[in-house]
Amino acid sequence: MTTLSAKENIQAIVKAIKSEEARLRQKHPLLTHQNTLGLIILLLSLSAFIGVGTLYYFAIIPAWLCIILAAIAASISHELEHDLIHKQYFSNQPFMHNFMMLTVWLMRPNTVNPWYRRKMHLHHHKVSGTEQDLEERLVGNGIKNPFLRVLVIVDGLLGLLINAKRFSKEIKGFSFLNVFNAGFPVTTVYFAILYSVIVFHGVNVFMPLEQSSPVWLLDIMAVFEFLMVVLIVPNIIRSSSLNFVTSSMHYYGGVNNMLEQTHVLTSRVFMPFNLFCFNFGHTHTIHHFVPNQPFYLRQMISKKILEVMKHHGVRFNDFASIKQANLYQVNNT
């Protein structure tokens with residue numbers, strides 16, 4: 001790390017990010033067509049998502065391959081939602097902007113709606129690293145108990161139910177019903193299908209439901225089981241990977257400035273998880289310094305900028321903090 005002050009290090013990182021972006025935009029004029037690029041990426045990821053589901057429906061690919069490919073396609077839609085929250089696409093065209101917002105929500109139905117998440121995420125940037133950061137705490141940040149942490153990472157609804165009382169005491173303005181209702185109707189249907197399949201097959205282990213159930217119920221379960229493969233399980237993998245990565249790289253407690261909000265996850269241990277959240281661990285710290293930047297630009301500049309961030313005091317692979325419920329420790333090296 002340099003001997004500069006925190007403010008000077010932050011300014012140097014921001015300057016490097018913006019300079020590298022300007023250089024790329026000058027080198028590649030196509031990057032000026034930001035709205036078009038965002039829409040094309042959305043349509044391509046949506047087409048891939050529908051395509052692999054179709055291939056599975058016609059038994060051309062196995063379930064496991066469908067799940068992996070659909071999870072990767074859904075991870076792209078998360079990056080697009082993140083950009084849309086910061087109004088990177090069609091900010092002056094409400095119809096197109098909201099069309100994209102709705103589409104990325106449908107591709108990732110186990111999240112609150114993106115309009116509500118915008119409020120949470122913009123607040124996250126203001127209070128990152130503190131107990132007021134609802135967005136990160138909802139996905140496990142700051143939880144020391146490993147069992148509870150895994151539960152929250154994998155199942156957002158159970159995590160919300162378990163932590164509701166604590167959040168009500170600690171987070172200003174928190175409302176369980178506001179967060180819960182922000183998932184209606186898409187997330188509500190998602191969890192209804194997920195738990196219906198779990199309960200049906202759980203009971204079927206002890207009672208022969210498949211033999212005694214009416215045809216209409218079996219037909220509904222067949223549709224639900226198809227949706228489990230093409231939509232629900234891929235999003236469980238996607239969201240669990242993202243939640244694990246983001247809750248690991250954000251600090252909780254001991255944070256005084258932007259240098260201390262996140263560390264960068266480049267360890268091979270996180271490679272499979274980064275695969276299903278579009279390299280989030282490598283690039284998200286860049287976003288904290290310059291929020292208004294499309295995700296693909298962060299990918300393009302990351303190799304050079306990570307070196308700059310390391311030089312100016314941003315930590316990498318701070319596993320000690322994860323063991324301490326994400327606490328930022330000043331004496332940690």
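The values are calculated or read from the model by the stated rules, or taken from the named source; none is laboratory data. None of these values were measured; they are calculated from a predicted model. Here Cβ is always computed from backbone atoms with ideal geometry, including for glycine, and neighbour counts include all displayed protein chains. Accessible surface areas use protein heavy atoms only, side chains included; no ligands, DNA or RNA. Shrake-Rupley method; radii C 1.70, N 1.55, O 1.52, S 1.80 Å.
Here are some notes:
- Label-reachable residues, the range 235-262, where backbone N falls under 17 Å from a point 7 Å from Trp64's Cα toward its Cβ: 237
- Heavy-atom accessible area per residue - the chain, 1.4 Å, Å²: 48
- In this simple spin-label approximation, Ser213 and Leu43 carry label points 7 Å from Cα along the Cα→Cβ vector, and these lie 3.9 nm apart.
- The phi-based Karplus calculation (6.51 cos²θ - 1.76 cosθ + 1.60; θ = phi - 60°) puts the 3J(HN,Hα) values of the range 153-169 at 5, 7, 10, x, 5, 4, x, 5, 5, 5, 9, 4, 5, 5, 4, 4, 7 Hz, whole numbers, x for Gly and Pro.
- Rough spin-label spacing in nm, given labels placed 7 Å along Cα→Cβ, for Glu131 and Leu102: 4.1
- Under 5 Å, built H, 5+ apart or other chain: amide partners of Phe316: Val264
- Dipole orientation for the range 162-246: of the candidates Pro185, Thr246, Leu231, Thr246 has the Cα lying most toward the positive pole (charges on Cβ; Lys, Arg +1; Asp, Glu -1).
- Among Leu259, Ser212, Ala222 - extreme Cα towards positive end, dipole of the range 128-273, charges at beta-carbon: Leu259
- C-alpha center-to-center spacing [the range 169-217, the range 286-333] in angstrom: 37
- The range 1-130, dipole about Cα centre (Lys/Arg Cβ +1, Asp/Glu Cβ -1), debye to the nearest 20: 380
- Rounded, prolate or oblate (a/c below 1.5 giving rounded, otherwise prolate when a/b exceeds b/c) for the range 209-306 by Cα gyration tensor: prolate
- For Lys15, solvent-accessible area (1.4 Å; no DNA, RNA or ligand), Å²: 140
- The share of accessible area on the range 1-86 that comes from carbon and sulfur is 69 percent, using a 1.4 angstrom probe.
- Here the accessible area of the range 183-333 is 68 percent carbon and sulfur, with a 1.4 angstrom probe and all protein chains present.
- Carbon/sulfur fraction of accessible area - the range 118-170, other protein chains in place, 1.4 Å, %: 66
- Based on every Cα atom in the chain, Rg and the maximum pairwise Cα distance Dmax equal 20.9, 73 Å.
- Helix-only mean residue ellipticity at 222 nm for the chain, each DSSP H run of n ≥ 4 adding -39500 (n - 2.57), per residue, nearest 500: -21500 deg cm²/dmol
- Working from Cα pairs under 8 Å separated by at least six residues, relative contact order for the range 176-299 is 18 percent.
- Each residue of the range 228-236 was assigned a 3J(HN,Hα) from its phi angle through the Karplus expression (A = 6.51, B = -1.76, C = 1.60, θ = phi - 60°), giving 4, 6, 8, 9, 7, 5, x, 6, 5 Hz with x at Gly and Pro.
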